[in-house]
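Below is one structure, written out as structure tokens, with a few remarks after it.
Any read-out appearing in this document is the output of simple, stated calculations on the displayed coordinates, not a laboratory observation. As the structure is a computational prediction, the values presented were derived from the model and not from experiment. Please note: Cβ atoms are built from the backbone with ideal geometry, for glycine as well, and neighbour counts cover all protein chains shown.
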């Protein structure tokens, strides 16, 4: 007679996400919730300390460009209160220098709960297989380097801009690029990406051969086109006439694509 096991059967988790993804999402949500408790003034002060402002870096490297920054600000204030914008410029530029840490910390802030939710869904979808493959430490390093790379490309393209940059999108774009190196392997079913051992055993595509993978090429093309369309404001986001910092996304994507092999310890396709 077979013995009866009194233990209840193991249940599959409702959301099969790596712990580092869950923890990162919790941190981002807690930061956004904490900001909602602040007054407008204190929230602005927090933004001034943690958001990335391209013009700060420009003036740190080239102090003689102050007139250019002011001129660019004046051109962007058509139909707006110039006095208010100049006051904003004074607050952003005369409050403690370049703040290099903002090259990274801007990734912890978001413009709204909707902004955070969209980034969170993308992080869960494309960051999870990368986190399983790299492990928590190397995965966080990839996100950090991609976040910094995104800020630097954003600065290079908008060096006189006083508009603060926020959002985890550049880091998530880096994770997306890293995922492209192995999630489109021939014969792989996406359901298998929830298994750590399977993910680590997938041969990663060398960069020179990646473009022979039609699914990877198609996904990459769609990713670039949609980012540029949304970034240029040609397509509304969630029905709103707003835009995204597409240069930061592309900067993070390129960093993730190029640096993934240096952090990867999984199988390589010969």
(message) From the P(r) of segment 94-196, could you give the percentage of C-alpha pairs in the tail past 20 Å?
(response) 44 percent
(message) Explain nothing, just the number: relative contact order of segment 83-222, from Cα pairs under 8 Å at least 6 residues apart, as a whole percent.
(response) 28 percent
(request) Please report 222, 202 as a ranked list, fewest other C-beta atoms within 10 angstrom at the top and most at the bottom. (result) 222, 202
(message) Could you list 181, 215, 265, 56 so that the one with the fewest beta carbons within 10 Å of its beta carbon is first and the one with the most is last?
(response) 265, 215, 56, 181
(request) Would you kindly work out the equivalent ellipsoid of segment 19-263 from its C-alpha gyration tensor and give its semi-axes, the square roots of five times the eigenvalues, largest first in whole Å? (result) 35, 19, 17
